[in-house]
1. Starting from residues that are surrounded by fewer than 18 Cβ atoms within 10 Å (Cβ to Cβ) and within 13 Å of another protein chain (Cβ to nearest Cβ), keep the ones in region C:150-172 and report whichever is nearest to C:Ser120 (Cα to Cα).
2. From the list C:Leu214, C:Leu230, C:Leu235, which one is under 26 Å from A:Val187 (Cα atoms), within 14 Å of chain A (Cβ to nearest Cβ) and out of contact with any strand residue (DSSP E or B) (no Cβ under 8 Å at 6 or more places or on another chain)?
3. Counting only residues that are outside any loop (DSSP other than H, G, I, E, B) and not charged (D, E, K, R), which one in region A:266-297 is nearest to A:Thr17 (Cα to Cα)?
4. So which strands (runs of 3 or more DSSP E) stay within region A:162-235 end to end and still have 1 or more residues that are among the acidic types (Asp, Glu) and within 12 Å of the chain's Cα centre (by Cα)?
5. What tally of residues in region B:194-204 results from selecting those that are without any contact (Cβ under 8 Å) to a residue 40 or more places away in the chain and either more than 12 Å from every other protein chain (Cβ to nearest Cβ) or surrounded by fewer than 20 Cβ atoms within 10 Å (Cβ to Cβ) (or both)?
6. Taking B:Gly83 and the conditions (1) buried (at least 16 other Cβ atoms within 10 Å of the Cβ); (2) closer than 19 Å to B:Leu261 by Cα, which numbered condition does it fall short on, given that it satisfies the others?
7. So in region C:259-271, with the set limited to residues that are touching a residue at least 12 places away in the same chain (Cβ under 8 Å) and more than 10 Å from chain A (Cβ to nearest Cβ), which one is surrounded by the most Cβ atoms within 10 Å (Cβ to Cβ)?
8. If I filter region C:137-149 for residues that are facing another protein chain (nearest Cβ under 8 Å), at pLDDT 90 or above and either under 21 Å from C:Leu228 (Cβ atoms) or part of a helix (DSSP H, G or I) (or both), do I get at least one hit?
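The values are calculated or read from the model by the stated rules, or taken from the named source; none is laboratory data. Predicted, not measured: the structure shown is a model, and the values here were computed from it. Please note: Cβ atoms are built from the backbone with ideal geometry, for glycine as well, and neighbour counts cover all protein chains shown.
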Amino acid sequence: MTPAILELQGISRSYATRQGLLGRKLRFRAVDEVSLSLEAGQTLALVGESGSGKSTTGRVALGLEPADHGAVRFRGTDLSQIDTASWRKLRIEMQMIFQDPLSALDRRLTILEQVREPLDIHDIGPAKEREAVASAMLASVGLHASNATKRPGQLSGGQRQRAVLARALVVQPALLVCDEPVSALDVSIQAQVVNLLTDLQASMKLSLLFISHDLKVVRQISQRVAVMYLGRIVEVGDTQAVLSNPAHPYSRALVSAVPVPGRPVGERLILDGEPPNPVARPSGCAFHPRCPFTRPDCRRFTPELTPLGDGRTVACHVVTPGKVRS
Amino acid sequence: MLRYLLIRVLRAFITISLVVTFAFIVLRMSGDPAVSIMGDDASAAAMEAFRREWGLDQSIWMQYFLYIAAICHGDFGQSMRGGGSALELVLSRVPATVMLTLPALLLKVAIGIPAGIYAALHRDRTIDQGVMVAAVAGYTIPSFVLGLVLVQIFAIWVPMLPTGGTGSLPHLILPVVTLGVGGAAILARFVRSAMLEVLGQPYIRTASAKGIPWAVVVRGHALPNAAIPTVTIIGFMVGNLIAGSVVTESVFSWPGVGNLLVVSVAARDLAVVQCILLFVAVTMVLSNLVVDFLYGVLDPRLSSGNSTAGN
Amino acid sequence: MVVCVPIACGGPVRAATSQQTQDAKPPELLTIEDLTVAFDGVQVLRGIDLSLARGEALGIVGESGSGKSVTWLAALGLLPDTARISGRVRLEGKDLLNAPARDLDAIRGGRVAMIFQDPSSALNPVIRIGRQIGEVLARHQGLSGRSIREEVTRLFELVGIPDARRRFDAFPHELSGGQNQRVMIAMALAGKPDVLVADEPTTALDATIQAQILALLASIRRETGMALVLISHDLGLVAESCERIMVMYAGGVVETASAVQIFSRPQHPYTQGLLAALPSLEGPLQRLVPIEGQVPDPAKLPPGCCFAPRCPKRRQVCDSTVPPLVETEAGRQSACVLPASLPIRSKTAGMSA
């Protein structure tokens, strides 16, 4: 069995925040005991709303932020144990792209210069060939050669995102973490970039960690999906299974929130209330105040991820009763 | 809110201490008071006696320590030029300065703020460009040049106003105008950009979409938001009430603190100069404190907590 | 474009004006005719025609540069003075574009209300929300003092803001994005408008909150009979909440049809392209078919059809003539020279809600 290319084991990450001007410092867990694994060449999607911790998880997975607890393993190597020189080598293998391509690009440099830069930084290949490599990368993301000498301000949103992608992929990484890469794009351009990612994944044997709030895009691009709520994973499994027949009440609400033309609005599963403040975390299952199926156990015990039999795991007392942890 | 203020007070104290120390050191390194006060041709023995009398023969650290100890007792030293308490001397000059700077401040506010608002409301039109050109002229012209030009025009060519000195209302006009123009110009530019920033915000469009007439939108929705950054600048100007008139007082022979400062620095009258600098630092710092407090009052986002979750 | 009542009612009838008999209240609440908007010589809106009936839910769909928001900002006079606007916008016959400021102020908020994207920045941060709503009540309902407080509490309860009494004195930054959008809706409803224009009201909100807000809008429509104009880039969202949909591209309308028709049988190639590019949550998983190219720069629009450079069905005639928006079937319009088989009627043909 091929080992997972990326493994997160029990990752936790907290932040300190000050409440008000004179308040005390409060810590809250943005990510709470998250364990994930990503197989080589596959796409794992992380979905959730704001406060779910999905972006933080992505950053921790890449080593951009240290985890307070738990381990991150890339190809079996524990990221916290390695020295700076090895880190730099690993950087070539793990890259990230974000939601806003304009702020990810330097406004003053041309596109070709920016795509070439990683090659220079990591000293990849002979120097005189680097420009050709960068140009070839631009072509494979579908950017016409005439764009190479333009600056980011002269390109459209979709073109910029392609440029960012080219820059991330020019070092031939094994893992690409994408944090909402298509959310800011028009629908027609979204489709272009989604197809591009799928094609590049096939041709470069990329593994993708795809962070998004858009379930429709997630369904299109990923094989497995993990649903997060307030820093914890509540359901993980095969994308088609989770999205067509969600088990966890929160997954059900998320899926039901996606508009379906023609369906009367009243048929949705609509949650009460607001996503809670991570500083004031509800006891037991963090979702229980908004859950339509809540039971007394839910307030007292935090549910563990339990296998459901069809390859999925769910953390819910109602779905998998009997497995509790105080 | 309390913690917010306490931190500010602590910082204020540190600032004042730094100013006092800096002034102390620089003054003692820049020249010998004995020479300035007694003249070049005084005998060495006389100068030595002078130094001993004023404690200048001791090490700089000793002098500093004694100075701080004296301040803690309220003793700000004696004026080397005329004897007498430095503090009393400075205090006696303060009313004259305030008589200039306070009306000047009012002038700055009365002209600068409306000009800035008006320019922002008519952006890029002739009136806006006119105001901006006037503003640039206003704060680039050095105050002594402006003062001298005004004197030339209104006191010499058209002898309506006196050239200097104090005594009556007409004496007040030219110096106040000289002082006020620069600040009015700065304020106008600042208020204009604060207003433009606010007018571009989404909530202004919402207010219009609610059917609020434009005048009310400007008055009730835009101005309260533009006031927040404007308050800083005005606070700075208030802080400058004592220190800001040095050049103008010289041009118009106005017997205020600024004039005293110039004379005392030239004569190396250490105690007086230090006393004035301490005054200036305290006024500045106090006005900044008031501004910080006002921020908390004007901007509700500062006083209550935020409850935004991370991602 | 002249708007008429459908033939089934006994023949084309002109939209009634306010001078006609009181019981013949025109079904068209708001009409827009040939609305054009230009900024600095660049045309961003190229002649929009639409009509909104009483109590109708109309969805406006478009991507960036389509002009979907500009249309309504222009109609309500919310564009900066540098905008050059022409055409006709009528609210029950009353001209809005040239109305004096005082009349326009009474209409905004009182008859036509508008809510915007990102509610947290659309509310004034230094004024308490109770007072911000109170302004509308004072101006359009003539309330004052205690009655304002009571009415605001009632509105808060209507839109589902908990702890309504205490929230009167809250500031916008003390509430979440979803709650702020509810405040905006309450503020819009305070004037008891006939039309609510919602410009991307849920785009900045989480999915589950989005569902709440859309359900709220639907229930308010049921209770008050208010018309709703829902502007979004999300075709699915608009189709779920609206009966009729208008698709816009590059400053013009390309298709109008009922929500069901748009999804089952889109006529304009752009709409077809949008649907093919849209990933879905149900149905078979297929490769997305994107629309190649990108939205044209409004300063450099192609001669002829704006969509032609990206259109898979492009023909020579498309590059030379701008296709007019014509009725293709009862209740549907499309701005495309295809399909050639359908009769192309003149602009005086009827159009129903």
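1. That would be C:Asp169.
2. C:Leu214
3. This residue is A:Val279.
4. Hits in region A:162-235: A:175-179.
5. 4
6. Condition (1) is where B:Gly83 drops out.
7. Step by step, filter region C:259-271, then rank; the result is C:His268.
8. yes
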